[in-house]
Amino acid sequence: MDLARFEVLERRIKSLAESFNLTQAENRRLRQQVDRLQQTVAAQQKTLERVQRERDDLSQASEALSGLGQEREVIQEKLRHMLATIEWLEKHTAMSGASQSG
């Protein structure tokens, strides 16, 4: 081999070495970016799980509140009925008291 061929080969080897070094640096940068993205995804996953738990808790509380609202309506209706009964009894008691006095 002559000197010119060696120089061409040397330049190719240097070029390949530089390309290899650049590729390694880019791979390191991409790996760091992937690591950051994985951390972000993990944090968002935890947040999503917390939000889902809170949503489930809120749904249960909403169901309980709805049940309490229904119970309240039943109690109010019973109280209205009791009040009407008491008013009727008071009216009739007053009438029978007046008829006994008179």
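Rule-based calculations on the coordinates, nothing more; no lab input. Predicted model, so just to flag it, every value in this text is computed and none were measured. Ideal geometry is used to build each Cβ from the backbone, glycine not excepted, and the neighbour counts take in all protein chains shown.
Here are some notes:
- Candidate cross-link partners of residue 91 among the lysines, defined by an alpha-carbon separation under 29 Å and a same-chain spacing of 8 or more, comprise 78.
- Put a plus charge on the Cβ of each Lys and Arg, a minus charge on the Cβ of each Asp and Glu, and nothing anywhere else: the dipole of the chain about its Cα centre is then about 580 debye.
- In the range 23-62 the Cα-Cα distances spread across 10 Å bins starting at 0 as 28, 27, 20, 14, 9, 3 percent of all pairs.
- Across the options 61, 51, 88, the greatest Cα extent toward the positive end of the charge dipole of the chain (unit charges at beta carbon of Lys, Arg, Asp, Glu) belongs to 51.
- With the convex hull of its Cα atoms as the shape, the range 2-102 has an orientation-averaged projected area of 9.5 nm².
- Degrees separating the helix 3-101 axis from the principal Cα axis of the chain, which is the longest one: 0 degrees
- Averaging over all projection directions, the Cα-based convex hull of the range 43-102 occupies 4.5 nm² in the image plane.
- Cα-projected label distance for residue 70 with residue 99, points at 7 Å along beta-carbon direction, nm: 4.4 nm
- Among 68, 58, 22, residue whose mean-square fluctuation peaks in a GNM of the chain (springs only between Cα atoms under 10 Å): 22
- Cβ-Cβ FRET estimate between residue 12 and residue 35, R0 fixed at 30 Å, reported to 0.05: 0.30
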